[in-house]
Amino acid sequence: MTKERVDEYQPLLVKGPDRQRPKYPNKSLFLAVCAACIGGTFQYGYNISVINAPTQYVQDFINQTWRARYQTGISGDVLTLLWSTIVSMFTLGGFLGVTIGGTLSVKLGRKGTLLANNIFALMAALLMGLSYPAGVFELLIIGRLFTGINAGIALCVQPLYLAEIAPTSIRGAMGMGTSVFITGGILTGQVIGLKELLGREEYWPILLSTTCIPAFLQLLILPWFPESPRYLLIDKGDEEGCKKALKQLHGMAACDDEREDIEKEKNNLTGLQAKKPWELFTDRSLRWQLLTIVVLNIAQQLNGINAIYFYADYVFRQSGIPVDKIPYVTVGTGACECITALTCGMLIECLGRKVLITGGYTLMCICCILFTLTLTFQDVSPIFPYLSMACVFAFILSFGLGPGGVTNILTTELFTQNTRPAAYMIAGSVNWLSFFFIGMIFPFIVLGLKQYCFLVFLVVCCSVGTYIFLVVPETKNKTFLEIQNEFLSSNKRKACSSDGAGTTLLSTSI
């Protein structure tokens with residue numbers, strides 16, 4: 001490589017002791033991230049929020065269909081059961097999707113799985129769009145199941161793809177694409193669901209079928225970008241394909257160093273096959289990494305963010321906001337979370353993962369205490385409802401700044417190529433089961449403890465923040481092998497010395 005060719009890329013490179021590291025993504029890498037995310041985690045966020053706007057209209061449709069079939073009105077309990085089934089099918093589908101996502105990512109590749117996953121989104125859009133003209137509300141149940149499967153696979157495979165196509169120096173920032181597009185999907189669903197757009201009664205079938213648009217966009221754009229270079233070289237042994245992919249994604253100046261890192265990891269994994277999820281539980285060298293992702297993914301659902309959104313409407317009403325204006329304020333919470341995710345993406349390579357996620361949980365602890373106090377004294381002074389509203393936004397900001405974005409990145413970085421898909425299957429399964437669990441018990445927690453339920457979330461946030469501070473190493477600007485070595489040496493030295501079973505991965509030169 002000539003000196004002139006290197007200088008051509010100089011503005012985007014940061015000189016280190018042994019290598020030149022890209023500071024910003026080039027255009028091809030940035031577009032590849034967007035193409036992966038628009039049909040991936042954007043769909044997850046979009047389908048979480050878009051179902052809220054037509055709630056009453058869908059329930060009226062179920063009632064009308066029931067009356068037409070059986071010549072009698074539906075009982076309130078049955079209607080509630082059917083609506084709960086429609087909503088909960090998304091969670092069930094997500095769990096099913098994540099259990100097959102890791103396997104598909106090994107067999108079809110990361111990019112191939114993302115493209116194939118759009119089949120579920122298109123089928124869901126078709127079924128939900130036809131439910132009203134066909135007069136069959138059961139199509140909504142099946143459609144929501146398919147949207148869940150689509151979301152489950154995307155949450156499992158897309159972070160893999162982003163982490164494996166990004167240079168080490170900006171892997172965190174590129175990995176934040178997952179969080180940015182989730183929050184962007186939530187915000188888009190909230191905006192599209194406003195009455196000025198598709199939030200009116202006659203438009204609800206169209207609203208639910210708009211999930212096909214991101215799917216079509218991904219099918220049009222993603223094929224122009226390469227498969228994960230790590231997958232091509234380590235899993236498939238395709239050296240030429242890996243080299244071509246790195247040149248397209250990283251440019252000529254940065255591809256050699258990244259290929260060297262991939263070669264080192266391949267050498268350390270020679271003869272090892274991709275592990276199954278149950279094999280991770282029996283591997284003592286991975287027990288701390290596994291415990292970490294389980295703790296982080298449980299905490300992501302049980303840290304109180306769902307309770308904040310539950311209380312948001314009540315707080316907004318207490319603050320004097322008219323009921324018909326609350327959806328617009330809710331859009332403000334979505335915009336707040338989206339902006340915070342973008343901010344986290346800009347800060348993550350500067351401050352590091354550990355600082356952001358620990359700081360996020362610390363701020364959430366403070367917000368839990370303040371929110372409990374402001375809700376308790378809600379009627380004492382007119383100022384307390386406004387303080388409660390400030391706590392809502394502060395909690396959302398704190399969540400987006402750390403736990404909301406960094407959790408997925410750590411799941412990627414704590415594992416190497418042969419264990420990463422299985423780790424995502426476990427992390428995703430835990431996350432979806434926790435999502436289902438909190439959905440089942442949360443109403444009872446609120447009913448029993450009222451505003452004091454945030455003391456439970458305080459304990460969760462405090463415990464997880466302490467665990468991260470004591471156990472999880474910083475992963476910024478480190479290769480996957482370096483992270484693995486540091487994690488093993490800092491957390492398993494005593495265990496390894498006692499049973500003699502620990503072996504540190506070697507970063508061998510080619």
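Summary of computed values
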item: Charge dipole of the chain about the Cα centre (unit charges at C-beta), most positive-ward option of Ser88, Val459, Ser388; result: Val459
item: Förster radius 22 Å - calculated FRET efficiency between Ala335 and Asp313 (Cβ-Cβ, nearest 0.05); result: 0.85
item: Cβ-placed point charges (K, R +1; D, E -1), dipole of segment 279-489 about Cα centre in debye, nearest 20; result: 120
item: Segment 167-216 and segment 26-83: distance between their alpha carbon centers, rounded to Å; result: 13
item: Among Tyr231, Gly76, His250 - extreme Cα towards positive end, dipole of the chain, charges at beta-carbon; result: Tyr231
item: Dipole magnitude (debye, nearest 20) for segment 116-220, charges at Cβ of Lys, Arg, Asp, Glu; result: 160
item: Percentage relative contact order, the chain, counting C-alpha pairs under 8 Å, at least six apart; result: 21
item: Neighbourhood net charge (10 Å Cβ-Cβ; Lys/Arg +1, Asp/Glu -1) for Val355; result: +2
item: Taking segment 25-225 and dividing mean pair separation by its residue count, relative contact order in percent (alpha carbons under 8 Å, at least six apart); result: 41
item: Accessible area of segment 279-489 belonging to carbon and sulfur atoms, whole % at 1.4 Å probe; result: 75
item: Residue order for Met425, Met346 - accessible surface, 1.4 angstrom probe, largest first; result: Met346, Met425
item: Solvent-accessible heavy-atom area per residue, rounded to whole Å², over the chain at 1.4 Å; result: 42
item: Percent carbon-and-sulfur accessible area, segment 25-225, ignoring ligands, DNA and RNA, probe 1.4 Å; result: 71
item: For segment 277-292, 3J(HN,Hα) per residue [Karplus equation, 6.51 cos²θ - 1.76 cosθ + 1.60, θ = phi - 60°, Hz, x = Gly/Pro]; result: x, 5, 6, 5, 5, 9, 8, 5, 6, 10, 5, 6, 4, 5, 4, 5
item: Sorted peptide list for 147-156, 451-460, 162-171, 389-398, criterion being average Cβ within 10 angstrom, highest first; result: 147-156, 162-171, 389-398, 451-460
item: Principal axis dimensions, largest first and in whole angstrom, of segment 25-225 by Cα; result: 63, 37, 25
item: Assigned charges on the beta-carbon of Lys, Arg, Asp, Glu; the chain dipole about Cα centre (debye); result: 460
item: Pairwise centroid distance, computed over Cα atoms, of segment 116-143 with segment 335-367, Å; result: 37
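The values are calculated or read from the model by the stated rules, or taken from the named source; none is laboratory data. Since the model is a prediction, treat every value here as computed from it, not as a measurement. A quick note on method: Cβ atoms are made from the backbone with ideal geometry, for glycine too, and the neighbour counts reach across all protein chains shown. Each accessible area value is taken on the protein alone, full model and side chains, heavy atoms only, with ligands, DNA and RNA left out. Shrake-Rupley method; radii C 1.70, N 1.55, O 1.52, S 1.80 Å.
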